[in-house]
Amino acid sequence: MGRALLLITLGSFVVLGIIQRAVNNRQITMTEGNIETFMVNQGRNATSSSLDLAINRLMYNYDSDWEASYNSGIPVWTFPIDEMDVDVFVDDDTHPEVNPRFLRVRSELQLEGRIIESIAFLSLSEIGFPELDGALSVYGTRHDRIDFRGRGSELKVNGEDISPVRPAPNDYPPAPDSAQSIPAIAAQVEEDNLVSTRGNVEYDGQPDPYLHDPNLDDTEIMELLETYMEMATLYKEREGTFLGSRDNPVIIKVNAESGRNPSFGGNENEGTGILIVEEDANLTLSGNFDWFGLVIVKGSLTMGGTSSIFGGVIMTAGASVEQDDDETGDTFIGEEEDGFEAWGTPTVQYSSRVLDSIRENMGSNDMSNMQVNRILY
């Protein structure tokens, strides 16, 4: 009896030991699983946070110096998140898996032999561009005469589609054979009422050098202008504002905060993109300064020296062209410091190649015009 009881007792201890061991092993397994799950979740949070940082940096603090990861093989940025270094790679359409006009942003974290990543696709939206009625388009109907009032100037306005001659790699291809020239000047007043005091204006274009159209409307332009203003960089004298290049055109706005007498042509030789002169500004282009692109004037513009605009000029209905003259009640482009004044031998030259280049490159370089297409975690 005693021996049997001893065997039963020993057997119970063995069974209890096995059960306890199993419980302990299960607790250890559950603890290890919880730790792994926690680390994975923490890693996913880190990669998603890094992805958000990268998207914001691309869209709101764009730096054109970064190089696509597919070309360089190295991350564009590395963000320290919760004591973990998360690499961010950005691939453009040079990567075979990325469609044109898209960027793929991928944040990657290597954690305990495992790779955790988050991916976003950003689409580049083309900005709208107005159809030009003339190389120089003048809107507004309150008065019945346009006077350029140039100071001994020889202003040339040409609607023939001509590409500017520039050294490589900044050259533009010649205008295609199918290129359509436009009028040199388009306005709501008749050509007989176009005069030039104290200077001369030469203008040529097709099908007519001068387009008289009482129904010219700048509604589309003003709607586009709202978008341009949101994307524009304020020009400030003596602060080295980047005025753009062929591959990286910009939108620049000039207003009263730009300086007392803002002028391009001193330290700057050229600019590329969309230039906006606001109501409270008078911008001067002087020397041999060249602007490649579109100039939209709500205030006043002065061109002097041999300065040139390759693209087109739009004088909105709200520009100083609508000012009143106390004596005649005429409309002036260029009454002293208002409207459009010319001196020297400046040129306004229409060029479809320049405008097409800006339309294409503005969307591919201005990250503020991007949209988040989809995100994968």
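Each value in this text was obtained by applying a stated rule to the coordinates, not by laboratory testing. These numbers come from a predicted model, not from an experiment. Here the Cβ is made from the backbone with ideal geometry for all residues, glycine too, and neighbour counts use every protein chain on show.
Miscellaneous remarks
- Among Tyr172, Tyr350, the ranking by other beta carbons within 10 Å of each residue's beta carbon, starting with the fewest, stands as Tyr172, Tyr350.
- Which of Leu53, Leu109 has the fewest Cβ neighbours within 10 Å, and the rest in rising order: Leu53, Leu109
- Sparse-neighbour loop sites [chymotrypsin sites (Phe, Trp or Tyr not before Pro); the range 199-269; at most 14 other C-beta within 10 Å; DSSP]: Phe242
- Between Met39 and Thr78, the C-beta separation translates, for a Förster distance of 30 Å, into a calculated FRET efficiency of about 0.95.
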